[in-house]
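K.L.:
Let me give you the structure first, and then I'll get to my questions.
Every number in this text was worked out from the coordinates using simple rules, so none of it is lab data. Keep in mind the model is a prediction, meaning the values are calculated, not measured.
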Amino acid sequence: MQALWQLFWLFIKVNLLSTSGPASVGLLHTEAVGVIMTEAQFVQAVGLSSVLPGSDALQLAMFVGYAAGGISGALVALVGSVLPPTLLMFGVVAILHRLRREAWVTRFVEGLTPAVSVLMLFVAWKVFLGSGGGTITWQMLLLGGASLTALVLNAPPPLVLLIAGVIGIFLFR
């Protein structure tokens with residue numbers, strides 16, 4: 001039981017002190033190798049978790065937990081990995097729920113809206129210029145205009161993207 005508590009606190013610490021990804025792998029390596037598993041086992045765990053679909057960090061946590069304590073160790077490691085971000089998200093949601101009727105929050109969101117719109121247009125323009133070798137053809141403008149028209153007429157965005165992609169296969173050879 002003591003080993004499971006240590007495993008739980010290990011993953012609480014790793015997930016509070018780092019984000020998921022390379023930083024958490026480095027911190028987990030420092031904490032786990034030599035205590036829970038060998039260097040070779042850890043390398044195998046990282047390789048396996050990277051190959052499998054899904055969250056690398058959660059798969060790595062379950063692998064390390066399983067190596068330390070079997071199935072119960074994997075479950076404890078999983079809970080220790082999921083608990084910190086879940087509690088943080090609940091905290092942020094609770095704060096936003098209390099502030100949702102505040103006038104300044106509404107004005108803040110209204111102020112963000114044009115900035116986000118311009119940012120999205122800027123990114124779209126960069127992507128548009130980057131495609132086709134930097135030259136804009138009449139076919140590109142026609143396809144873009146048709147897509148915009150379809151979206152204005154409330155066509156489902158995934159369908160517009162799919163149709164534009166299929167047209168692009170034949171149009172831009």
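K.L.:
Under a GNM of the chain (C-alpha, springs under 10 Å), which listed residue has the highest mean-square fluctuation: 51, 35, 160?
P.N.:
160
K.L.:
A follow-up question, please. Of the candidates 149, 38, 86, which one comes out as most mobile in a Gaussian network treatment of the chain with C-alpha springs shorter than 10 Å?
P.N.:
Among 149, 38, 86, the largest mean-square fluctuation in the Gaussian network model of the chain belongs to 149.
K.L.:
Using a Gaussian network model of the chain whose springs link C-alpha atoms within less than 10 Å, name the residue from 147, 72, 18 with the highest mean-square fluctuation.
P.N.:
147
K.L.:
Give me the number: length gained by fully extending residue 129 to residue 94, i.e. 0.36 nm times residue separation minus the C-alpha to C-alpha distance, one decimal in nm.
P.N.:
Contour length minus Cα-Cα distance gives 8.4 nm.
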